[in-house]
Structure formats: C-alpha cells, structure tokens
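All remarks here apply to the structure that follows.
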Amino acid sequence: MTDLQRKERFFENSLESQLFKVFSEPVRIQLAQIMISLGTSDVSTIAEHVSQDRSVVSRHLKAMHEVGVVSSEKVGRHTLYTFRAEELASRLEVIAANIRAIQSVEIKKDSSS
C-alpha cells in the first residue's frame, strides 16, 4: 500500500462518511432540530412537525439511530427517540482533529521539500 493510499484510507475512516450521509437528507437535519426542541419524543409527536408520513419519519429516525446520533427506548407500545447532540458534537470534534492532523502532515511535508 502506498503512502497516498494509506492517507486516503485514514481520511475516509476519519470522516465517518455514514454520519455525513445521514445528514445529507434535509429532512433529517429538520428532524434533529425538532428533537432538540422537543426533547425525548415518540414518532407521532415528531411527525406532527414535518410534512412527511409517520412511516417515513420512522425510517429517517432508524437511519439516524444506526449511526448513533439518535437513541431509542421502548416504553410500553411506544418507542421514544432522543437526539444525542453530545455524541454528534464529540464525533465532529474527532473528525476536525483528524482533518487538522492530516493537513499538518501535508504542510510539514511540503515545507521540508
């Protein structure tokens, strides 16, 4: 594996592409904002605030749950969802640190040439 391939792989892993993919859907950003405002809520309550069907909202929440930015808890017949703002912030901080690290290696390499 070349140095460039190692850097590309490190960069791909550092960026957590699935996390960014989840937020590439504008409605998911809207759902995050709604959940931050409402706090822990069920799908029906969240769906009242968007123009999408409850089943579509549920699929979006599932995708957000799969990348770890939404937690869910079963309470009786309902599933309650919570947006994990601290988890998202921590992961974004790690991504930013990794980008800075990659950039500093590139800057040092260019300076020594």
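The values are calculated or read from the model by the stated rules, or taken from the named source; none is laboratory data. Please read all numbers here as calculations on a predicted model, not as lab measurements. Heads up, the Cβs are rebuilt from the backbone with ideal geometry, glycines too, and the neighbour counts pull from every protein chain shown.
Looking across the range 39-72 at every residue that is charged (D, E, K, R) and touching a Ser or Thr at 6+ places or on another chain (Cβ under 7 Å), the one that is nearest to PRO26 (Cα to Cα) is identified as ARG54. Where helices (runs of 4 or more DSSP H) sit wholly within the range 9-108, those with at least 2 residues that are free of Cβ contacts under 8 Å to residues at least 40 places away in the same chain and surrounded by 16 or more Cβ atoms within 10 Å (Cβ to Cβ) occupy 26-38, 43-47, 54-66.
Report yes if LYS74 is out of contact with any His (no Cβ under 7 Å at 6 or more places or on another chain) and modelled with pLDDT of 95 or more, otherwise no. Spelling it out, LYS74 is indeed out of contact with any His (no Cβ under 7 Å at 6 or more places or on another chain) and modelled with pLDDT of 95 or more. With respect to the conditions (1) modelled with pLDDT of 95 or more; (2) more than 17 Å from ILE36 (Cα to Cα); (3) under 12 Å from the mean Cα position of the chain (by Cα), ARG59 falls short on a single one, namely (3).
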